[in-house]
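Report on one structure; see the data block that follows.
A short reminder: the numbers here are calculations on the coordinates, not readings from a lab. Worth saying up front: this structure is predicted, and the values here are computed from it rather than measured. Cβ coordinates were reconstructed from backbone atoms using ideal geometry, including for glycine residues, and neighbour counts include every protein chain displayed.
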Amino acid sequence: MINAPASPRGETVLEIRHLVKTYGSHRAVDDVSLTVQAGEIFGLLGPNGAGKTTTLEIVEGLRQADSGSVRVFGLDPAQHLDAIRARLGVSLQKSRYWGQLTVEETLDLFRSFYPKTLPVAELVELFDLHEKLRAPMKSLSGGQYQRVVLALALVNDPDLVLLDEPTIGLDPQARRRLWDVIRRLRARGKTVILTTHYMDEAHALSDRVAILHRGRVVELGSPNELIRAKNPHVSVRFTTLQPFELAGLAAEPWCLDARAADEGGFQVIVPSLREGLGALIGWAERQGIGLDELETRAATLEDVFLTYAGASERAPVTIAEPAGSAS
Amino acid sequence: MKAFWKLSLAVLKMYLRDPLTVALSLFLIVFMMVLFGLVMGEEQFKVELPVAVWDRAQTPDSAALLARLDGDEFLVVESVGSEEEILTRIREAKVIGGLVLAPGWTPAATPDQLRLVRDDDANKWLDLGFERLSALVVATGGARTPPWTESVAQLSVVKNRYIDFIFPGILAMAIMQVCLASGVVLLEAREIGVLRRLRLTPVSGLTIFSSVLTGRFLIVVLHLLVLVAVAVFGFGAQILGSWLDLTLLVLLGTLAFMALGIAVAMVAPTLESASLFLQMFSLPMSFLCGVFFKVDSMPAPLEWLSRALPLTYLVDAFRGTVRYGAPLTDHGTEILALLAWFVACLALGARSFRLWSRDSA
C-alpha cells in the first residue's frame, strides 16, 4: 500500500548550502552544507549545542536562516512550507502527545491534517500497535510510545522522515526493535534523517553521517569511512600473570602506545589486528609472561565523535577507550 | 475543515477523559447550586412583603397611609407611577402586589376608590400579606373589609426562591470557569510539546488555535446544558428570556473570558503559575460578582471592586435575561463592559501569543 518513493533513489531530497544562523552573538549554525539523497538514512550527530536542532528547525520551517539556502524536495521552506510539510514526517524528541487520547484517536487526528494518508490499519501493522490501539497515550510504555511516535511521523506517507533521538530512554530490546522499524522505512524508499546521541545506533542505521561541531560540519561520510580515516588502529587490553616492564613493551616497534588501563591491566595500541596481536603474543612468550583476559577493540564511531566532544568538554582523547565507558 | 473539527472534538474528548477535572469543574458547581437551592429554600419573601403603591390621590391622608404601611414590621412600600409599572414589578417578583389609590381617595372612601392589583396564580402564603395589608388599611379609617376592589391579572410571575436567584449567576460562573481554563489548555499543549508537533503539519496555527477554543466552547455548552437541566427539571427554575438572547450572551461571555484566560496564560511563565494566576481571578469573582448575593448588598469598596470585574456584568446580563426576560437592549452597560474586557484581553493576549508561539518553535 505504501507508494513507490516519490523521489527516486539517488535524487537529492535535502540540500543545504552555506547555512548560517546566529542567536545574538552566538553562531549556532556556521556555514553548514549538506546533501541527503533519496532512500538513505542520514545520521546527524554532534554534541549538545552543535547546531543539529537549529539546522533541522530551519529545514522544518520553524526558523528562518540568516543566510545560505535550504531546499527540501527542491523547494524553499520559507516559501513552500505547506507543500514541504505535506511530504514531511517528523518525530520530535521533546514532544509528547495528549495523554488522554487513545493511540487510534491520535493517529486519526493527525491523519486529518494531511491530504494524502496511510490507512490506520497499515500503520498498526507496520508498527505492531494492535494491542494498544484503544489505550490512552499516557498508558504506553516507552517502547510502545516511540512506536506510536514513529507511526505518527508516517501518517502522511512522507518522502522525508526526520527522527530526533527516536530511541532515547528505551531499553536495549525496544531499541533494537525500533531499529528494525527504521530500516523498514528505508526499505520502503523513505529518506530518513536521524539525530542520536547513541553512536552504536548511528553506526547501525546510517548510510552516511555528518558530525556537527560548534555549528560546522566537521566529518561527513559513511560510518566506516570516518572510523578508518580517523583512527585505523586497534586497541588491545590485557592483564598478565606476572609483572613486567611497561617501558620495554612500549619500545617494541609495533607498539604505538602502551599504558596501564584505567580499569586495571594494560592497553596497547597496534596498527592492525593481524599484525599487532601476533606480535603481542610473540612478545609475551619471549618475555615469559602469561597473558590473561585478552580483549581487542577496533575504533568505533564513538571514538570519532568523542574527538569533538572532547575538544569542548574534556581533554582530547586520541586513543580508543574500551567499549562500555561511553556516556 | 476536517482537521478543525477533529481537533475541536479531540479537545472535548480529552476533557471528558479526565474525570477529576470534570468532577471538579462540573460536579462542584452543580453541587453548589443544588445545595444552596435546597438549604436556602424560599426564605427571601418571608421577611419582607414589598408592595407597589400608585398614589393618585396625593393628599396628606394618602401620604399618611403610605407611611403607615411602610412603617409595618413586614410591609415595604414602593412608590410607582403607573399600573403598568405595578404589573412589571409583580411579574419580576419584586413585589407581592400593588395598590392603586384613586384621585379622590380618603381614609373613609368606598372600596371602589382603592384597588388591589395581584397575580391570579400567586402563592398561597402571599394571602397572608394581603390580609395584613387589608387590616392596616381598614385600621386607617375604612370600615369595610376588604377595603378595596381587586383586579386580578394573569401574570407569569418569576419565581423568587434562592435557586432562582443564583441559577443565572451559576450559568455565568460556569462560562467563566471553563473559558478561563482555555489558556491553560494552550499552555499545556506548548509545555508537553504537542503544539510544536502540530505546527510541523500543514495545519495552520490559526486552525490549531481556533479549534482548541471551539473544543472548549463545546465544553461550555455541555456545562450549561447540565446546569439548565438540573435547575429546570430539578427545581422548576424558569428561563424567561429568548434563547437567541441567551445564546448571544453565552457567546459574548465565552469570548470575554477566553480572552482573559489566554491573556493570563500568555503572561504566566509556567503552567503551574498560570493555574495560580487564573485562580486569583476566578476565586474572588465567584464570590464578589453577584452570583450568590447581590453586589449592592456588599460594603462600598467591595462593590467598587466587583464593578471592575467582568463576571459582575455577565451575571447581571444573565439574571436579567433568564429571570426577567429582559431584552438585550436593557443590558447595554453589561454588554459594553464585557466587550471592553474582551478587546483589552485580546490586545494583550494576541501580542503575547505571537511571541509565545514563536518560542514554542
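Charge dipole (Cα centre; +1 on Lys/Arg Cβ, -1 on Asp/Glu Cβ; no other charges) of the protein assembly as shown amounts to roughly 1380 debye.
Cβ crowding within 10 Å, taken as a proxy for footprinting-reagent exposure, orders A:Ser235, B:Ser286 from fewest neighbours to most as B:Ser286, A:Ser235.
Assign unit charges at the C-beta atoms only (+1 for Lys and Arg, -1 for Asp and Glu), then state the dipole size of chain B relative to its Cα centre in Debye, rounded to the nearest 20.
In debye, rounded to 20, chain B gives about 2080.
Cα-Cα pairs above 32 Å in the protein assembly as shown: how many percent? For the protein assembly as shown, the share of Cα pairs beyond 32 Å comes to 66 percent.
Taking the longest Cα principal axis of chain B as reference, the axis of helix B:205-229 is set at about 30 degrees. Among A:Phe73, B:Phe167, the order by Cβ neighbours within 10 angstrom, fewest to most, reads A:Phe73, B:Phe167.
You can think of it this way: the chain between B:Thr214 and B:Asp72 has 45.6 nm of extra reach, that is 0.36 nm per residue less the Cα-Cα gap.
Could you let me know the centre-to-centre spacing of the range A:237-269 and the range B:55-118, using Cα atoms, in angstrom? Between the Cα centres of the range A:237-269 and the range B:55-118 lies a distance of 117 Å. For chain B, the longest principal axis of the C-alpha atoms and the axis of helix B:60-70 are separated by about 50°. Of the residues A:Asp257, A:Asp164, A:Asp292, the one with the fewest other Cβ atoms within 10 Å heads the list, and the complete ranking is A:Asp292, A:Asp257, A:Asp164.
Taking the range B:162-192 and a reference point 7 angstrom along Cα→Cβ of B:Val232, the backbone N atoms nearer than 17 Å belong to B:164-165, B:167-172.
With the charge dipole of chain B set up from +1 on Lys and Arg Cβ and -1 on Asp and Glu Cβ about the Cα centre, the Cα lying farthest toward the positive end among the listed residues B:Ser211, B:Ala237, B:Leu128 is that of B:Ser211. Only helices enter the 222 nm calculation for chain A: every DSSP H run of n ≥ 4 contributes -39,500 (n - 2.57), and dividing by all residues gives -9500 deg cm²/dmol, rounded to 500. Farthest toward the positive end of the dipole of the protein assembly as shown, out of B:Leu180, A:Val59, B:Pro107, is the Cα of A:Val59, where the dipole comes from beta carbon charges about the Cα centre. Add +1 for every Lys or Arg and -1 for every Asp or Glu among the other residues with Cβ under 10 Å from the Cβ of A:Pro158, and state the total. Overall, the nearby charge balance is +2. Label zone of B:Ala64 (point 7 Å out along Cα→Cβ, amide N under 11 Å): in the range B:74-113 this covers B:107-108.
With contributions of -39500 (n - 2.57) from each DSSP H run of at least four residues, the per-residue ellipticity at 222 nm computed over chain B stands at -21000 deg cm²/dmol. Charge dipole (Cα centre; +1 on Lys/Arg Cβ, -1 on Asp/Glu Cβ; no other charges) of the range A:33-123 amounts to roughly 140 debye.
Rounded to the nearest 10 degrees, the inclination of helix B:271-288 to the longest alpha-carbon principal axis of chain B is 0 degrees. Could you give the distance between the Cα centres of the range A:46-63 and the range B:314-338, to the whole Å? Taking the Cα centre of each part, the range A:46-63 and the range B:314-338 sit 53 Å apart.
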